[in-house]
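Engineer: Here it is, the structure, as structure tokens.
All of the numbers you see were taken from the coordinates with simple rules; none came from a lab. It should be emphasised that the depicted structure is a prediction, and the values quoted were computed from it without experimental measurement. As a convention, Cβ positions derive from the backbone with ideal geometry for all residues, glycine included, and neighbour counts pool all protein chains shown.
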Amino acid sequence: MTNNDIFRRIRYTFDLKDNTIVKIFALADVSVTQEQVTAWLKKDEDDAFVTMKNKELASFLNGFISFKRGKREGPQPAPEAQLNNNMVFQKLRIALNIKAEDILEVFDQVGLPLSPHELSAFFRKPSHKNYRECKDQMLRNFLMGVQRQLRPNDNG
């Protein structure tokens, strides 16, 4: 999944309007315009499409954490220059303030049961012997499961 795919799915899952997204970036002390947001949300084939960089997605996710949980005092976390699915998954877990049992339930609902050990492997440091890379399918299924919980009348 590209950064733009992740961004689009989060926007849809949480029904975020463009002006809300601009405010979310502001919570991470990053200024973006509605035009930038619109360009990131365009389909890849569209001439106006702009690729979202890692730092931009990381800034959005940091702002999303503040949006969902309240902005913390002091300087905001610096956006990561390198981002992977494990980091995105971790930031979403923090933003949503959900426990492992709740995440396991989300995966059960999308027909992808996981054990607690398999789940915890995604949140370990890459140097840990039990670290497991979060593949696109896992992140996609997690977002789909959250979407089903938040928007039960949607089929997508």
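Engineer: Give the distance, in whole Å, between the Cα centre of region 102-139 and the Cα centre of region 1-61.
Structural biologist: If you average the Cα positions of each part, the centres end up 25 Å apart.
Engineer: Along its three principal axes, how long is region 32-73 when you only count alpha carbons? Whole Å, largest extent first please.
Structural biologist: 40, 18, 14
Engineer: Related question: Once the Cα gyration tensor of region 1-93 is found, what semi-axes does its equivalent ellipsoid get, as square roots of 5 times the eigenvalues, in whole Å, sorted largest first?
Structural biologist: 20, 15, 12
Engineer: Pairs of Cα atoms under 8 Å, at least six residues apart: use those to get the relative contact order of the chain, whole percent.
Structural biologist: 21
Engineer: What three numbers, in Å, describe the spread of the alpha carbons of the chain along their principal axes, ordered from the longest?
Structural biologist: Principal-axis extents of the chain (Cα, largest first): 42, 39, 28 Å.
Engineer: Here's another thing I want to ask about it. With each pseudo-label sitting 7 Å past Cα toward Cβ, what's the GLU133-ASN153 distance in nm, one decimal?
Structural biologist: Distance between label points: 4.1 nm.
Engineer: OK, next. Under the 0.36 nm per residue contour assumption, what length would be gained going from the current alpha-carbon distance of ASP46 and ARG72 to full extension?
Structural biologist: Extending this stretch completely gives an extra 5.6 nm.
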